[in-house]
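Taking it in order: structure first as structure tokens, then the write-up.
Just so it is clear, none of the values below were taken in a lab; they were calculated from the coordinates. This is a predicted model, so every value here is computed, not measured. Because the Cβ atoms are built from the backbone with ideal geometry, glycine has one as well, and the counts that use them run over all protein chains shown.
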Amino acid sequence: MNAGKIIGGGIVVIAVAAGLAMYWLQEYAFYEEVAFQSGQEISLTLIDSGVAEPIMASQITGIDADSSPLRFRACFTTPMSLPMLTETYRIYEGADPLNAPGWFDCFDAGTIGAALESGEALAFLSEAGIKPGVDRVVAVFPDGRAFAWHQFSPDAAE
């Protein structure tokens, strides 16, 4: 066997190992389940005062990671109606849900994004500046399903 085949094989093995490590780091490493404080799980920002207040939420599950301010995702239900929410809380323009790891299967960014574009779901500002330059956004469907994520603030781009 010549040295070129050994070196080439070594490069392939290293590339495959690096690819697997990268996948694992992106999909599994760093994520932890969020421990929500009872009664304070999810907040929305009031239209009048600009203050975020907790809303009624149940069946909540969430993940987050310290490695990035954009890794937060949550799924929950709320009994609050869309008309009541739109009269009370700030709508969030430019909501763009980010993909969640495949194993966090309650959060489907494609479905949520399509529902926001079609008007089936509405996006609300949960908390502005939850981290520097990052807002927490909540999308609510008419049936009470709701989803939260972090995204870069439109103000941060200015």
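Summary table
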{"quantity": "Cα-based helix-to-principal-axis angle, 109-118 vs the chain, degrees rounded to 10", "calculated": "40 degrees"}
{"quantity": "Which of TRP24, ILE91, PHE107, positive extreme of dipole for the chain (C-beta unit charges)", "calculated": "TRP24"}
{"quantity": "Calculated [θ] (222 nm, deg cm²/dmol) that DSSP helices of n ≥ 4 give over the chain, each run adding -39,500 (n - 2.57)", "calculated": "-8500 deg cm²/dmol"}
{"quantity": "For peptides 120-132, 91-103, sequence by mean Cβ density within 10 Å, most packed first", "calculated": "120-132, 91-103"}
{"quantity": "Gyration tensor verdict on the range 6-95 (Cα atoms; rounded if a/c is under 1.5, prolate if a/b is larger than b/c, oblate otherwise)", "calculated": "prolate"}
{"quantity": "Convex hull projection area averaged over all views, the chain, Cα basis, nm²", "calculated": "12.4 nm²"}
{"quantity": "Part-to-part distance (alpha-carbon centres) for the range 109-138 and the range 1-79, which is given in Å", "calculated": "16 Å"}
{"quantity": "Rounded to the nearest 20 debye, dipole of the range 31-157 from Cβ charges on Lys, Arg, Asp, Glu", "calculated": "60 debye"}
{"quantity": "The chain, relative contact order in percent, only Cα pairs under 8 angstrom and at least six apart counted", "calculated": "20 percent"}
{"quantity": "Rounded to 5, the percent of DSSP beta bridges in the range 53-158 classed as antiparallel", "calculated": "100 percent"}
